[in-house]
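Asker: The structure is given below, and queries will be raised subsequently.
The values are calculated or read from the model by the stated rules, or taken from the named source; none is laboratory data. Since we're looking at a predicted model, the values are computed, not measured. No Cβ is skipped: glycine too gets one built from the backbone with ideal geometry, and neighbour counts run over all protein chains shown. Accessible surface is based on the protein model in full, side chains and every heavy atom, while ligands, DNA and RNA are left aside. Shrake-Rupley method; radii C 1.70, N 1.55, O 1.52, S 1.80 Å.
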Amino acid sequence: MVYLGPGVQYVAESGRAFISPNNPQDVLMDNKKMLMMQKRDVILTAVFSSLAAIILIAGISAACYFFHKRRRKRDEEEEDSQEVTYCRKVEEVQEKKSRLNGFLTLKTPLISTKTLGAQLETTGSPQAKSPAGSSQGALPPEARTPTASSKGALQNVKGDHPSMAFLQNRSISLVDMYIDNSEPSENVGQIHFSLEYDFQNTTLILRIIQGKDLPAKDLSGTSDPYVRVTLLPDKKHRLETKIKRRTLNPRWNETFYFEGFPIQKLQSRILHLHVFDYDRFSRDDSIGEVFLPLCQVDLSEKPSFWKALKPPAKDKCGELLTSLCYHPSSSILTLTLIKARNLKAKDINGKSDPYVKVWLQFGDKRIEKRKTAIFKCTLNPVFNDSFSFTVPWEKIRECSLDVMVMDFDNIGRNELIGRILLAGKNGSGASETKHWQDMITKPRQNVIQWHRLKPE
């Protein structure tokens, strides 16, 4: 017999172990120790499993947050890069026009956190810099408050002032690119804001007050709205309100200051208010937006607005740069397709194979068709292709050009990316109709214009 432990004996002959009845207390102690060890193992397993789950969830949350933040920054950078060339051209055109009208335009930042030392007064005369680095001390006493004369100057700028030639002679690309005068396709709420102009510091003061009847974007039946503020065409500098949690009627009551803006420069800006629903783990949802040309606002009255939000365009198809020219003597209408940008992707690889198809129409009757070459795997093709059509002078106001940007597919039917209708009457938009009218009033000249493509 061999001793194996307290209360356990081993019989060599039979090869069996049995509990000795002489030590029952030792057996109970062993059983208790085994139970305690098992409980400890279960508890440790549960604790470590919980810690691992918490660490995993925290890691996933942090990764989603930083991924969302980086994607949002990348989207903004892409949008800025798309607009930088256009904004530079608009600034150059506006600067030339202001010089022709006898005004001097300063290159001032859109949003400044400090008061600028050297600015222009509303009359266009430069003011000296004060010792403290602020423009306030250099202003004459009568210019330190918005007097009747300064208000009158503002009204003249808004009305009969020569600088308002901007409204008549401006490039159609600026206002028409952003302003849509059609009624909202759906109700996405309203926004309340006010404007004020500080003559002393040449500063525009914007107050975002509240929103009303916004749509629910979250599963809880509410939204987390905030407002993004931009002075177009500059999209690089943006301001945002605070996020209001779980509400469809937010009250922001926030004030924004756009410093260093002479009134003449401000007249060429468009105020853009874009309401978003904040999402922590995905891209923020667009609720609606408002565009307000400041040349249409009398800032001396400190106006307050309730504006209906318009839902953003769900189908952004891209833009097409075209040129029109008509020779009355030879009755030749020439359409030049220069290039396209930011076309909508139609293929799985995130690209398209675009080409342009053009129909000459008289009323609803199609007369003649032309096509460009196909450009593979690009959203920014350069066509540089011209088509000429014979159109008598007496028919030039009755015809139209149906321009369709298509995506070529080897298998299946080619898809429409977007289209425009160039016509003197009932064009597909204000810019298309204006382009045709400019072509007629400027014979034998190439009239170049960007157009936003419309979905079918």
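Asker: Looking only at the range 339-365, which residues are among the β-branched types (Val, Ile, Thr) and either at positive phi or at pLDDT 95 or above (or both)?
Answerer: If the condition is that a residue be among the β-branched types (Val, Ile, Thr) and either at positive phi or at pLDDT 95 or above (or both), then VAL356, VAL358 are the ones that fit.
Asker: Please verify whether ASN380 is in a loop (DSSP other than H, G, I, E, B), under 30 Å from ILE348 (Cα atoms) and over 31 Å from the mean Cα position of the chain (by Cα), treating the condition exactly as stated.
Answerer: Details: in a loop (DSSP other than H, G, I, E, B): yes; under 30 Å from ILE348 (Cα atoms): yes; over 31 Å from the mean Cα position of the chain (by Cα): no.
No, not satisfied.
Asker: Residues of the range 188-231 being of a type in the set (D, E, K, R), assigned to a loop (DSSP other than H, G, I, E, B) and at pLDDT 90 or above, which ones? I'd like the intermediate steps shown before the answer.
Answerer: Filtering the range 188-231 down to residues of a type in the set (D, E, K, R) leaves 196, 198, 207, 212-213, 217-218, 224, 228.
Cutting the leftovers down to assigned to a loop (DSSP other than H, G, I, E, B) gives us 213, 217-218, 224.
Matches in the range 188-231: ASP213, ASP224.
Asker: Being open to solvent by 50 Å² or more (accessible area, probe 1.4 Å), charged (D, E, K, R) and over 18 Å from the mean Cα position of the chain (by Cα) is the filter here; which residues of the range 273-315 pass it?
Answerer: ARG280, GLU301, LYS302, LYS307
Asker: Could you tell me which numbered condition GLU13 fails, if it satisfies all but one of (1) open to solvent by less than 100 Å² (accessible area, probe 1.4 Å); (2) of a type in the set (Asp, Glu); (3) at pLDDT below 75?
Answerer: It fails just one condition, (1).
Asker: Given the criteria open to solvent by less than 70 Å² (accessible area, probe 1.4 Å), farther than 21 Å from THR441 by Cα and touching a residue at least 24 places away in the same chain (Cβ under 8 Å), does GLY412 qualify? Walk me through how you get there before you give the answer.
Answerer: On the way: open to solvent by less than 70 Å² (accessible area, probe 1.4 Å): yes; farther than 21 Å from THR441 by Cα: yes; touching a residue at least 24 places away in the same chain (Cβ under 8 Å): no.
Judged against the criteria, GLY412 is not a match.
Asker: For residues in the range 321-330 being in contact with a Phe, Trp or Tyr (Cβ under 9 Å, 6 or more places away or on another chain) and open to solvent by less than 30 Å² (accessible area, probe 1.4 Å), which is nearest to ARG444 (Cα to Cα)?
Answerer: TYR326
Asker: Of the conditions (1) modelled with pLDDT under 90; (2) in a strand (DSSP E or B); (3) closer than 22 Å to TRP359 by Cα, SER286 clears all except one; give me its number.
Answerer: The number of the failed condition is (3).
Asker: Only one of these is over 19 Å from the mean Cα position of the chain (by Cα), small (Gly, Ala, Ser) and farther than 24 Å from GLN264 by Cα: SER194, SER220. Name it. Before the answer, list the steps.
Answerer: Working: SER194 fails: farther than 24 Å from GLN264 by Cα.
Only one candidate qualifies: SER220.
Asker: Hey, another quick one. Check THR433 against each of (1) within 17 Å of VAL447 (Cβ to Cβ); (2) open to solvent by 50 Å² or more (accessible area, probe 1.4 Å); (3) polar (S, T, N, Q) and name the one condition it does not meet.
Answerer: (2)
Asker: What tally of residues in the range 212-262 results from selecting those that are of a type in the set (Ser, Thr, Tyr) and surrounded by 19 or more Cβ atoms within 10 Å (Cβ to Cβ)?
Answerer: Here is the first cut: in the range 212-262, the residues of a type in the set (Ser, Thr, Tyr) are 220, 222-223, 226, 230, 241, 247, 255, 257.
Then keep just the ones that are surrounded by 19 or more Cβ atoms within 10 Å (Cβ to Cβ); that gives 223, 226, 230, 241.
Within the range 212-262, residues that are of a type in the set (Ser, Thr, Tyr) and surrounded by 19 or more Cβ atoms within 10 Å (Cβ to Cβ) number 4.
Asker: Can you confirm whether ILE448 is open to solvent by less than 20 Å² (accessible area, probe 1.4 Å) and assigned to a strand (DSSP E or B)? Steps first, please.
Answerer: On the way: open to solvent by less than 20 Å² (accessible area, probe 1.4 Å): no; assigned to a strand (DSSP E or B): yes.
Taking the combined requirement at face value, the residue does not satisfy it.
Asker: State all residues of the range 340-360 that are open to solvent by less than 20 Å² (accessible area, probe 1.4 Å) and either aliphatic (A, V, I, L, M) or part of a strand (DSSP E or B) (or both); if no residue qualifies, say none.
Answerer: ALA340, LEU343, PRO354, TYR355, VAL356, VAL358, LEU360
Asker: What number of residues within the range 201-211 are crowded, with 21+ Cβ neighbours inside 10 Å and either among the polar types (S, T, N, Q) or over 17 Å from LEU294 (Cβ atoms) (or both)?
Answerer: Going through the range 201-211, the residues crowded, with 21+ Cβ neighbours inside 10 Å turn out to be 202, 204, 208, 211.
Retained after the next criterion (residues that are either among the polar types (S, T, N, Q) or over 17 Å from LEU294 (Cβ atoms) (or both)): 202, 211.
Total satisfying the criteria: 2.
Asker: Can you run down the residue pairs with Cβ atoms below 7 Å, 6 or more apart or on separate chains, where the first is in the range 260-287 and closer than 18 Å to ASP234 by Cα and the partner is acidic (Asp, Glu) and assigned to a loop (DSSP other than H, G, I, E, B)?
Answerer: Close Cβ pairs (under 7 Å, with a partner that is acidic (Asp, Glu) and assigned to a loop (DSSP other than H, G, I, E, B)) do not exist here.
Asker: Tell me, which residue of the range 415-430 that is open to solvent by less than 10 Å² (accessible area, probe 1.4 Å) and touching a Ser or Thr at 6+ places or on another chain (Cβ under 9 Å) is farthest from GLY350 (Cα to Cα)? Before you say what the answer is, go through the steps one by one.
Answerer: The first filter runs over the range 415-430 and keeps only residues open to solvent by less than 10 Å² (accessible area, probe 1.4 Å), leaving 417-418, 420, 422-423.
If we keep only those that are touching a Ser or Thr at 6+ places or on another chain (Cβ under 9 Å) too, we end up with 417, 420, 422-423.
Values: ILE417: 13, ILE420: 23, LEU422: 29, ALA423: 33 Å.
Per the criteria, the residue is ALA423.
Asker: Something else about it: Can you give me the number of residues within the range 439-456 that are over 29 Å from the mean Cα position of the chain (by Cα) and free of Cβ contacts under 8 Å to residues at least 60 places away in the same chain?
Answerer: Within the range 439-456, the subset over 29 Å from the mean Cα position of the chain (by Cα) is 439-446.
Of the ones still in play, those that are also free of Cβ contacts under 8 Å to residues at least 60 places away in the same chain are 441-442.
Residues in the range 439-456 being over 29 Å from the mean Cα position of the chain (by Cα) and free of Cβ contacts under 8 Å to residues at least 60 places away in the same chain: 2 in total.
Asker: Applying the selection to the range 317-339, what residues are more than 14 Å from LEU416 (Cα to Cα) and either of a type in the set (S, T, N, Q) or part of a loop (DSSP other than H, G, I, E, B) (or both)?
Answerer: THR322, SER323, PRO328, SER329, SER330, SER331, THR334, THR336
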